[in-house]
Amino acid sequence: MNQALVLAKRATTHDDVPIGAVIVCDGKVIARGENQVQQKQNPTLHAEIVAINRACKKLGTKFLYDCDIYVSLEPCAMCATAISLARIKNIYFAAPDAKGGGITSNAKIYETDQHLWKPNVYQMPEYSDQSAQLLKDFFIRRRQPKD
């Protein structure tokens, strides 16, 4: 999770919302991603999607059965669905997202939609405050008037 938080911080350097994701397979990091929505002007380039694309490319497969994903913020509905489609085994996230969360906080897609694959979901509350503070600081800076 520490690596996901480092990636989240890095996303702010290109004015993206601070969210990072790391995919682990057999105890080894195989892919990383940070939000690139602003940087690449593409609304689908959330950290999770970037990491999934990189992991699939690295492994040469569309399914990531034995992989886990660590995300600094609860995945949105789009990312939660992509995680399901990629057949990722476990999701670990730091902070819940009451407004945009797709798993436990808002859409709850694994509870309401029928998915062929439902990953195990774990929140890591020991990282929640750190992730939430990154987001708060980012949006405070974003709302400040520019000269």
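Given a 1.4 angstrom probe, I'd like the percentage of the accessible area of the chain that is carbon and sulfur, rounded to a whole number.
Taking all protein chains in place, the chain shows 50 percent carbon and sulfur surface.
Rg to Rh for region 1-126: what is it, with Cα atoms only and Rh by Kirkwood? Before the final figure, lay out each step's value.
On the way: Rg = 13.1 Å, Rh = 14.1 Å.
So for region 1-126, dividing Rg by the Kirkwood Rh gives 0.93.
Can you work out the accessible area per residue across region 1-146, with the rest of the protein chains kept in place, probe 1.4 Å, in square angstrom?
54 Å²
For helix 47-59, report the angle its Cα long axis makes with the longest principal axis of the Cα atoms of the chain; keep it between 0 and 90° and round to the nearest 10°.
40 degrees
Quote the charge dipole size of the chain about the Cα centre in Debye, to the nearest 20; the model charges only the Cβ of Lys and Arg (+1) and of Asp and Glu (-1).
Its charge dipole is roughly 400 debye.
For region 100-147, what value does the Rg/Rh ratio take when both radii are computed over Cα atoms and Rh is the Kirkwood radius, given to two decimals?
Details: Rg = 15.8 Å, Rh = 13.5 Å.
On the Cα set of region 100-147, Rg over Rh gives 1.17.
What does the charge count around Cys56 come to, taking other residues whose C-beta lies under 14 Å from its C-beta (Lys +1, Arg +1, Asp -1, Glu -1)?
Cβ neighbours under 14 Å give a net charge of +4.
Of Lys28/Lys118; Lys9/Lys89; Lys57/Lys89; Lys28/Lys108; Lys57/Lys108; Lys89/Lys136, which ones are farther than 24 Å apart at the Cα?
Values: Lys28/Lys118 22 Å; Lys9/Lys89 26 Å; Lys57/Lys89 18 Å; Lys28/Lys108 29 Å; Lys57/Lys108 29 Å; Lys89/Lys136 30 Å.
Exceeds cut-off: Lys9/Lys89; Lys28/Lys108; Lys57/Lys108; Lys89/Lys136.
What aspartates and glutamates sit close enough to Lys99 to cross-link, taking a C-alpha to C-alpha distance under 16 Å and skipping anything fewer than 8 places away on the same chain?
Candidates past the 8-residue exclusion: Glu74.
Cα axis of helix 2-11 to longest principal axis of the chain: angle in degrees, 0 to 90, nearest 10?
Taking the Cα atoms of the chain, the angle to 2-11 is about 50 degrees.
The values are calculated or read from the model by the stated rules, or taken from the named source; none is laboratory data. Predicted model only: the values in this text are computed from it and were never measured. Note that we place each Cβ from the backbone using ideal geometry, even for glycine, and neighbour counts take in every protein chain shown. With ligands, DNA and RNA removed, areas are computed over all heavy atoms of the protein, side chains included. Shrake-Rupley method; radii C 1.70, N 1.55, O 1.52, S 1.80 Å.
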